[in-house]
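Have a look at the structure below before the remarks.
Values in this text are rule-based calculations from the coordinates and carry no lab data. Keep in mind that what you see is a predicted model, and the values were worked out from it rather than measured. Quick reminder, even Gly has a Cβ in these numbers, built from the backbone with ideal geometry, and neighbours come from all protein chains shown.
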Amino acid sequence: MRLEFFGDGPALLVEERRRNLVVADLHFGIEADLAAHGMFFRSRSAARLDRLMKVIGEADPDALILLGDVKHSIPSGTRQEYFEMPGLLAALRRRVPLLVFPGNHDIGIERYLAEGELQPKEGKVIDGVGYLHGHTYPDKELAGHLIVIGHHHPLLVIRDEVGCALQTPAYIRADLDTGAIGMEEPSAGSGPTRVLFVPAFNEIAGYDIRQILKKPFAPVSKFLREDGIEIILADGSYFGPAGMLKEDDDD
């Protein structure tokens, strides 16, 4: 298996027999929700789509796997989503076949998808790799495979002594405690079940990695083995073990 990281996404290319491009948490329509809370931004959906198209052009994948939260508004849709989603998804499927693992923000997304695009929310193994959004317990068949998930929007935050912060999307790589989460334990001689948390493609979304690990809010992140958790930058550069990150005084 070969992994290629695209820092301009962020996006991940997983290559085995096929080339699958993986993108998480696009959150198309987020601007309408922000407006409802008094924060007004012009829609960035077209620019976000253009950025994704450029990554697709570079990666030349056989399929595009969307790890959920393709849309944003819950529990119902918005005018922005109603008018934008059909065109956005049509533009993508004209370039590459789509596989969508629905997230907690994807209520009603099936109305925008073509036959065969919607995948199980509990996840599925594709070409030897497990995929799911990450807000549900994973299907037991994912045990023993690398599991690639979204949902958490991992963001590496480094602060200096005066409080200035560097923030950048990053991946979390960790071993999953399969017994604790209710999956089968790996057989003797097989390796651990590993999880790769993919950062959000949406440029507004991000959540401090320290908080994800300190106060996990989803089944998979609650059952990570503490030893060996690592951080990888969006371009694939190795940052180091999560233990390198210092706690803020106000955490």
- Message: Can you work out the Karplus-derived ³J(HN,Hα) for every residue in the range 63-69? Use 6.51 cos²θ - 1.76 cosθ + 1.60 with θ = phi - 60°, whole Hz, and x for glycine or proline.
- Response: 8, 10, 9, 9, 8, x, 6
- Note on the structure: Looking only at lysines whose Cα falls under 27 Å of Lys214's and that sit 8 or more positions away or on another chain, we get Lys121, Lys140, Lys222, Lys246
- Message: Just want the answer: with Cβ charges of +1 for Lys and Arg and -1 for Asp and Glu, which residue in Val96, Leu155, Ser76 is farthest toward the dipole's positive end in the chain?
- Response: Val96
- Here the relative contact order (percent) of the chain, from C-alpha pairs under 8 Å and at least 6 apart, is 19
- Using the C-alpha atoms of the range 10-133, what convex hull volume per residue, in cubic angstrom, is computed? 98
- Helix-only [θ]222 nm of the chain, DSSP H runs n ≥ 4, -39500 (n - 2.57) each, per residue, nearest 500: -6000 deg cm²/dmol
- Message: Taking just the alpha carbons, could you work out the radius of gyration and Dmax for the chain, both in angstroms?
- Response: 17.7, 55
- Ignoring the sites themselves, what is the longest stretch of the chain with no trypsin sites (Lys or Arg not before Pro) in a DSSP loop and at most 12 other beta-carbon atoms within 10 Å? 43-245
- DSSP-defined antiparallel bridges as percent of all bridges, the chain, nearest 5: 60
- Message: Loop only by DSSP, 14 or fewer other Cβ within 10 Å of the Cβ. Give me the chymotrypsin sites (Phe, Trp or Tyr not before Pro) in the range 38-106 that pass, ordered by residue number.
- Response: Phe40, Phe41
- Message: Within a 10 angstrom radius of the beta carbon, how do Asp160, Asp69, Asp8 rank from fewest other beta carbons to most?
- Response: Asp160, Asp8, Asp69
- Query: Roughly how big is the range 2-244's charge dipole about its Cα centre, with Cβ charges of +1 (Lys, Arg) and -1 (Asp, Glu), in debye to the nearest 20?
  - Reply: 420
